[in-house]
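Shown next, in structure tokens, is the structure this report addresses.
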Amino acid sequence: MSNDKRLSAKQPFGGPNADTSDRIAAITPQRGVIGHAVLEAATWLAVMSSVLLTYSLAGVVGFASSARGGALAAVVQREADGDFNRNFANPAYLAVIVLLGIGSFLPLKRVRSMEFSQRTLILTITSVLTGITLIVFGVYSTVWMGAIAALFLGALISLQVIHTPELHTKPWRAGTVSAVIFFFIGAVAQIRAGIGAGMPAVPWTVFASGIVIILAGVLIIVSPLQRSRIPSTGAFPLTRALQQARAHVDVGAPWPVYALFGVIGSIFVVIVPTASDESFGIMSLGLMVCAVLVGWAAGYEAGPTFAPGMTRPRLTAFSLIGAGVLAILGGMVHEVSGTALLFAAAAFAVGVGVRAQDYQISRRIGLGIGAIITLLILSLDARFTVVLSEASTWNITGSAVAVSSVGLLATVGGIIALFLFSPTGIHGIGVDIVHAFRTRTADGQPGQSAGSAGAHGPKQPHAPAAPAGHGGQAAQSGGGLQTPSVRTAQSGFFIAVEGPDGSGKTTQIDFIRKHLADRGLHNVETTREPGGTDKGKQIRAAILDGQGVTPKSEALLYAADRSHHVASLIDPTLRSGGVVVTDRYIDSSLAYQAAGRELAEEDIFALSAWGTDGLMPNLTLLLDISPEASAQRTSQRGNENHLDKQSAEFRGRVRARFLSLAEENPHRYVVINADQPAQKVSEDIAAALDAALDAAGLGRRPQAQQPGSQTQRRSSADLLTSDDPDATQAMPSLEAENVPAESEQRSQGASGQSAAAQGPAVSQMPVVKPAEEQQKAADGSQEASEGQKPADVQSKPAKEQQESAEPEHVETAAGSAESADTAADSDSSVPPKPEAKPAPVPEADTILPDTPSVSADDDAATRILPSQPEQSAEKLRKQAEIERQARERLRQARRGKR
Ligand SMILES: Nc1ncnc2c1ncn2[C@@H]1O[C@H](COP(=O)(O)OP(=O)(O)OP(=O)(O)O)[C@@H](O)[C@H]1O
Ligand SMILES: Cc1cn([C@H]2C[C@H](O)[C@@H](COP(=O)(O)O)O2)c(=O)[nH]c1=O
């Protein structure tokens, strides 16, 4: 994509670089996502069918030969007759699953550090190669081809996760789709021609999934994913559970969570041999996979609120016991629906137990260990016959022995965990069980049962309404925290630099300080949170030490630091007309404490709004970085603290919330692609700063950078979205692509901002909104938080954006110019900005910079500008003359256009 294209005026979040808009462009629906969804579902279908095919092939024809439909059709009969050779089938199965695992670890390190586009290319190439392998495997079915296909499939799964981790937080979504497809293939075949009939359909399923994988791989590169809009994981947040006051006590050691995943790994592995041992037919495979995935999903989603009266360690321990027992029972039952149901219940227990913890460990390790133990026991093919009576025996198959062994380990582990990790050991277990399904009152006392809590249960303290995009006034909560309206600085300029850990904030703040000095701004305070003040340093130490700091106490510490920071440093600097640049501010709390730690966002916002009297930045620079790069940089830096070592999921949530905050607050956010080299990041920041400071009339551009150069002009234009109603205040009136150079010069001259950049102020347009407008926004967002969905809140501005972007830009310019006329006519004595030099009268052929248009709101806007020094009458006269000439030129241009 060429730069020019990227910088078109219609980027809703036009930042100084293309990737910025790529990251957050609001484009729905996204074809890119469809390609990924199809690829994921086809991959799972291929995994299921090729693992089954390899297992059956080995059992029917051994390792050396290939099999046609006829031989495969005999599988079920042979199993029933007992001449299905498990001595071949089990090792082949073990090999294939191990190769799947090896494949998934192959590409990890190098690919992770690559650019997004390179990763996309690799994903497509791997999809095509995997697809070809599957096609060959479908046509020429041998155990060896199965092994090769497994290797490719493992790599493909892993690449999909590395490529876009955000899309793969819920593997059961695509997995369930493929299980249902598999179930239908089996059902149709088996209903038509008996239990063995499904088997010949399996090579065709492998073949078809190969074709779909190739097509999806091509679709992904032809119609790439807009990384901009990271789809919500849709995960049920822990928030509600925390509100219900389940004690936030971690389990204390990761092994119970590993063990829980181990049970799932074991169940997945025994599904194929169980179908074979019990002669259920391939339909049962789809059924069992589907049941397990749905059970897992239900447990995972229900986890945060399930048994709200039980402490987390106990819930995890009980889940482990439950999962173990249910897995044993599932293995022992000889009836397909019973097995499916029991496996689903075990998976539900796993989901609940895992979600009761703030777990930060890899699922793969637990799954892998459980799978390998199961495979090894499976290879022993240990089977028993228990004589129940003279007339009946109970056959315990090899797969039942394998899954039951893991189930038994889990049960024992759960009992140990019950003793080890509950704060009171085994004491009080009866009370915990009795009160497990009761919610707690706000004071932590057990209350009504969960079922009745909605209607009659204890009333939660009413949290202040979440302000949409925190542009609004938070509700005065009944008896709760009295949160003030948001406000922007009455004087000075407040810049927040936000972003995930390691995004380069500290590095860039040095640059920002220099850049501000180059603009002649010297009353600049660079600071950070937590720890911008002496008291703040103590708070920072308490947070970073991490000992016994719970998420809620951590949130309070950040809010305390911020409150003191604003009162003792930020507000006084702004009041003196200075510029404050802070490394992190309120939005960090929303991203880390609310999105990351899943505390209620309205509470987190209310704390900080209360503590800071609602002070919000004029400009927020978001250094956006991929979670992988962020992890890499923080680990490379060498002084990692416990906060730097967050899970990929946590980092993903933090990043996604930062980006959605940018989307909700286009008037103050600029998103910078921080994956770029530091120098390029600095350039983008410079462009963003220049545009915002020009618009606010603060400082001047250094001579070398005097606007007028293409680069400078583009960058400024891109900073604020031309189609954003707020941004139109600070946007250039005309876009280069749409306006002939001469009229462009004229219009810009008319708006007067060029003079602002070059010398004495003409425009007095700050980035911050006038107080009345803020109030309106506040009221609007309050309404929104009370009834509307966030999407509704956004819809009006979005429409307005559309309208302001769609009509020819000249019209926009004309409107702006008219406003400029009004403003200048009525107030030609607008005082100049501080630290500005006299402006030369623009030459007719001078290319003028991007300039914010002056709107009718100027009056209000000027009220919140820094105090201005007195101007000489001569300067003011010259200024008025510049404006008069500029207006005249613009009128001529408009007449010419008509
Ligand atoms: N654009 C960049 N490309 C590569 N490395 C970078 C870039 N910017 C900064 N770094 C390096 O990444 C590491 C983290 O940078 P820095 O400390 O500036 O980030 P930060 O956002 O302040 O991190 P934190 O939030 O954890 O304090 C440092 O080692 C720094 O040298
Ligand atoms: C202000 C603030 C910070 N954090 C977190 C984010 C980081 O992991 C650490 C320290 O920040 P630094 O940039 O490395 O100095 O604190 C947070 O969770 N919530 C906040 O409000």
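The values are calculated or read from the model by the stated rules, or taken from the named source; none is laboratory data. Quantities reported herein were computed from a predicted structural model and do not represent experimental measurements. Positions of Cβ are generated from backbone atoms using ideal geometry, with glycine treated the same way; all protein chains shown enter the neighbour counts.
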Run ALA541 past the list (1) within 16 Å of ligand 1 (Cβ to nearest atom); (2) of a type in the set (A, V, I, L, M, F, W, C); (3) buried (at least 17 other Cβ atoms within 10 Å of the Cβ) and report the number of the one that doesn't hold. (3)
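Answer yes or no: is there a residue in region 589-610 that is in a loop (DSSP other than H, G, I, E, B), over 21 Å from the mean Cα position of the chain (by Cα) and modelled with pLDDT of 85 or more.
Within region 589-610, not a single residue is in a loop (DSSP other than H, G, I, E, B), over 21 Å from the mean Cα position of the chain (by Cα) and modelled with pLDDT of 85 or more.
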Filter region 575-608 down to the residues that are more than 13 Å from ligand 1 (Cβ to nearest atom) and on the phi > 0 side of the Ramachandran plot and list them by number. GLY577, GLU598
Residue by residue through region 565-588, note down the ones that are modelled with pLDDT of 95 or more and part of a loop (DSSP other than H, G, I, E, B). ARG584, TYR585
Taking region 550-561 and keeping residues part of a helix (DSSP H, G or I) and either within 16 Å of ligand 1 (Cβ to nearest atom) or of a type in the set (Ser, Thr, Tyr) (or both) leaves SER553, GLU554, TYR558, ASP561
Evaluation of THR488 against (1) assigned by the TED database to the domain that holds GLY652; (2) more than 15 Å from ligand 2 (Cβ to nearest atom); (3) buried (at least 21 other Cβ atoms within 10 Å of the Cβ) (one fails), failing number: (1)
Being within 13 Å of ligand 2 (Cβ to nearest atom) and at pLDDT 80 or above is the filter; apply it to region 629-643 and report the residue that is nearest to LYS109 (Cα to Cα). ALA631
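Out of the residues in region 140-152 that are surrounded by 24 or more Cβ atoms within 10 Å (Cβ to Cβ) and closer than 12 Å to LEU53 by Cβ, state the one that is modelled with the lowest pLDDT.
Taking region 140-152 and keeping what is surrounded by 24 or more Cβ atoms within 10 Å (Cβ to Cβ), we get 141, 143, 146, 149-150, 152.
Among the residues that remain, those that are also closer than 12 Å to LEU53 by Cβ are: 141, 143, 146, 149-150.
Values: SER141: 91, VAL143: 94, GLY146: 95, ALA149: 97, ALA150: 96.
Filtering region 140-152 for residues that are surrounded by 24 or more Cβ atoms within 10 Å (Cβ to Cβ) and closer than 12 Å to LEU53 by Cβ, the one modelled with the lowest pLDDT comes out as SER141.
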If ARG513 satisfies all but one of (1) closer than 23 Å to ASP571 by Cβ; (2) within 10 Å of ligand 1 (Cβ to nearest atom); (3) not hydrophobic (A, V, I, L, M, F, W, C), what's the number of the condition it fails? (2)
Report, by residue number, each residue of region 643-680 that is under 24 Å from GLU602 (Cα atoms) and of a type in the set (Lys, Arg). ARG651, ARG653, ARG655, ARG657, ARG668
It is to be established whether one or more residues within region 581-588 are over 13 Å from PRO500 (Cα atoms), within 13 Å of ligand 2 (Cβ to nearest atom) and in contact (Cβ under 8 Å) with a residue 60 or more places away in the chain. yes
Could you figure out which of (1) within 16 Å of ligand 1 (Cβ to nearest atom); (2) under 30 Å from HIS522 (Cβ atoms); (3) not polar (S, T, N, Q) isn't true of PRO617? (1)
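For region 526-549, how many residues meet the condition of being in a helix (DSSP H, G or I) and within 15 Å of ALA567 (Cβ to Cβ)?
4
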GLU649 vs. criteria within 16 Å of ligand 1 (Cβ to nearest atom), in a helix (DSSP H, G or I) and acidic (Asp, Glu): no
Quick one: is VAL401 in contact with a helix residue (DSSP H, G or I) (Cβ under 7 Å, 6 or more places away or on another chain) and at pLDDT 90 or above? yes
Exactly one of PRO572, PRO551 is within 11 Å of ligand 2 (Cβ to nearest atom) and over 21 Å from ARG668 (Cα atoms), and that one is PRO551
Cβ-Cβ under 8 Å, sequence separation 6+ or interchain: first residue in region 517-531 and acidic (Asp, Glu), partner in a strand (DSSP E or B). Which pairs? GLU525/VAL579; GLU525/VAL580; GLU525/VAL581; GLU529/THR582; GLU529/ASP583
Using the structure shown, decide if GLN547 is surrounded by fewer than 17 Cβ atoms within 10 Å (Cβ to Cβ), away from ligand 1 (no atom under 16 Å from the Cβ), at pLDDT below 95 and not assigned by the TED database to the domain that holds PHE650. no
Could you say which residue among GLY366, GLY370, GLY330, GLY322 is surrounded by 20 or more Cβ atoms within 10 Å (Cβ to Cβ), in the same structural domain as ILE396 (by the TED database) and within 25 Å of the chain's Cα centre (by Cα)? GLY366
Is it the case, given these coordinates, that PRO572 is without any contact (Cβ under 8 Å) to a residue 12 or more places away in the chain and more than 16 Å from ligand 1 (Cβ to nearest atom)? yes
